[in-house]
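The structure appears right after this line, and notes come after that.
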Amino acid sequence: MNSLIKITIIIGLLITPLLNIGEVYALLIGTLKGQTILHTPIYIKSMKDILMIFLILLFAVKFFFKKINISFVILVLLFILIVIINITSSVLIYGNDNFIIYGLRWIYPLLIFVLGIKLFNERFLGKSFEKAFILVFLVNFSLQIYQFFRGISWFGVIGGYSARNPGMFLIPNSGSFFSIIVLYWFMYHSQLTSFVKNFMLFLAVISIVLTSSGTGIPVLAFLVILYLSPRKAVALLPIFILILPFMLKFISTIRGDEFVEVSGGTRLEIFLETFGKTNIFAENFGYFTNVSVLLGGGDAIMDSTYASVLGNLGILGLMVVIGILFYLIFMSYLKLDKVKLSFLIIIASFSATTIIFEAYPMNLLLSLIACKIYLGDPHEHRLQCT
C-alpha cells in the first residue's frame, strides 16, 4: 500500500507540466486570448483530479485499518460535519445544488491532509519523490529562462526581456508559489546531499525573482531571514512589516505597473463583495471556485483563499479557518519553530493572492508537507537558534 501511495504521488508530480501545456504554448506563440480560456483539453487537465481522488481513496483505506486516537477521530468527524452542514445549507435552505461537485473537488487537499496526517513517518516521502520534484522544477525553470529571453509581451517587456515569467504555469503568482515550496522543501526537508540542496535553493531564488511576484518576493525575503536566524527574524519582523510597502513599490517599479493598488484593491473588493452576500453558512457551496468559473458554472471570480473559504463555507467556516491558522502561527512564533512557521507564512501569504486548494501541484505538496510536519511525534521541528 505504501509503495502504491508513493508511486501515485510521484506520478502526480510528473504530470504537472502537461496540465497547462496548451495555455503555455499559446502564451509563447502569442495566441493566448485570456487567462480563463482553456487551451488544454479537459481530459488532460482532469488527470490531476483522477489522481487526487485515487490518492484520497488509498489514504482512506489505510486510515480505517489503522489504530487512531479518539481525539483525531473527533477532528475528522468535525471536519466532515462542517462540510456536510454547508452542503445541506446550500441544498435544503437555498436550493442550490449545481455547484456541489466543484466544492467537493475544492476540498481534495484537506481530505488528503485529514486522512494522511497519521499515516506518514518522518521519511515517507523519500528520494524518488525528491528526484521527481527536482525534474518538474527544472522543466519549469527552463521554461522561465526561455520566456525571459524570448521577451513575451503578455505580462510586459523590460529592455526586450519578459518582465514576468510563469514557467509551466499560466500565472506568474502560481509559478512563484511553486518555487517558494521548492525553496522551503530544500531548506528543511531534503534528504539529498548539501551540494544538491544548495544548488536547488539557488535556482529556486532565481525562479522566484523571474516571476516578479508581489507575493513571492516578500515571502522569499522573510523565509531567508527566518532560515538564517529565527531570533533575528522575530526581532526584525516589525521592521520587515514597515519596509514591506517600499519593497512592493520597488517590485511594482521593476514590473512597470501599479499592481499594489490594482491587485490589492481588486482582491479586497472581491472579498468585501463576497462577505456582503454571505451568511453564517454557505448558500452556494462550490460556486466560489476557479473551476466553477472555468467550466461556466458561475461568474464569481475568486483569486484568494480567504474569499473562497468565505463563499464556500460561510462566515463561520472562515472564522474557524482563520482562527486555526493564526493560532498555529502564534504557537510556532512563540516556540521559534521555523519549520512550521515558514510553512504557515507561505499558506497565509499565498492565500491572499490565490486559491491554494485549487493551485496544482501546490495543493498536493502543501497537504503532504502538512502531514509530514504535523505527525504528532514528540520530535519538535524547533531548531537551534542562532
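The values are calculated or read from the model by the stated rules, or taken from the named source; none is laboratory data. Just so it is clear, the model here is predicted, and its values are computed rather than measured. No Cβ is skipped: glycine too gets one built from the backbone with ideal geometry, and neighbour counts run over all protein chains shown.
Miscellaneous remarks
- Just so you know, in region 15-46 the residues that are under 19 Å from the mean Cα position of the chain (by Cα) and within 24 Å of L135 (Cα to Cα) include one that is surrounded by the fewest Cβ atoms within 10 Å (Cβ to Cβ), and it is S46.
- Test result for T305, within 22 Å of K45 (Cβ to Cβ) and modelled with pLDDT under 90: no
- Members of region 147-160 that are within 15 Å of I206 (Cα to Cα) and touching a helix residue (DSSP H, G or I) at 6+ places or on another chain (Cβ under 8 Å): Q147, F148
- Considering only residues in region 336-355 that are surrounded by fewer than 22 Cβ atoms within 10 Å (Cβ to Cβ) and either among the hydroxyl-bearing types (S, T, Y) or touching a Pro at 6+ places or on another chain (Cβ under 9 Å) (or both), the one that is modelled with the lowest pLDDT turns out to be L336.
- Of all the numbered requirements in (1) surrounded by 14 or more Cβ atoms within 10 Å (Cβ to Cβ); (2) at positive phi; (3) modelled with pLDDT under 85; (4) of a type outside the set (V, I, T), G296 misses one, and that requirement is (1).
- Residue check for E122: of a type outside the set (A, V, I, L, M, F, W, C), within 22 Å of the chain's Cα centre (by Cα) and at pLDDT below 90: yes
- A single member of G323, G311 is over 17 Å from R267 (Cα atoms) and not polar (S, T, N, Q), and it is G323.
- Among the residues making up region 31-89, those that are at pLDDT below 80 and aromatic (F, W, Y) are F63, F64, F65, F72, F79.
- Candidate set: region 145-168, residues that are touching a strand residue (DSSP E or B) at 6+ places or on another chain (Cβ under 9 Å) and not in a loop (DSSP other than H, G, I, E, B); chosen: the one surrounded by the most Cβ atoms within 10 Å (Cβ to Cβ): Q147
- Qualifying residue in region 205-228 (condition: among the polar types (S, T, N, Q), at pLDDT 85 or above, in contact with a helix residue (DSSP H, G or I) (Cβ under 6 Å, 6 or more places away or on another chain) and within 20 Å of D337 (Cα to Cα)): no
- Any hit, region 114-129, residues being touching a Cys at 6+ places or on another chain (Cβ under 6 Å) and buried (at least 23 other Cβ atoms within 10 Å of the Cβ): yes
- Residue in region 185-195 that is among the aromatic types (F, W, Y) and free of Cβ contacts under 8 Å to residues at least 12 places away in the same chain present: yes
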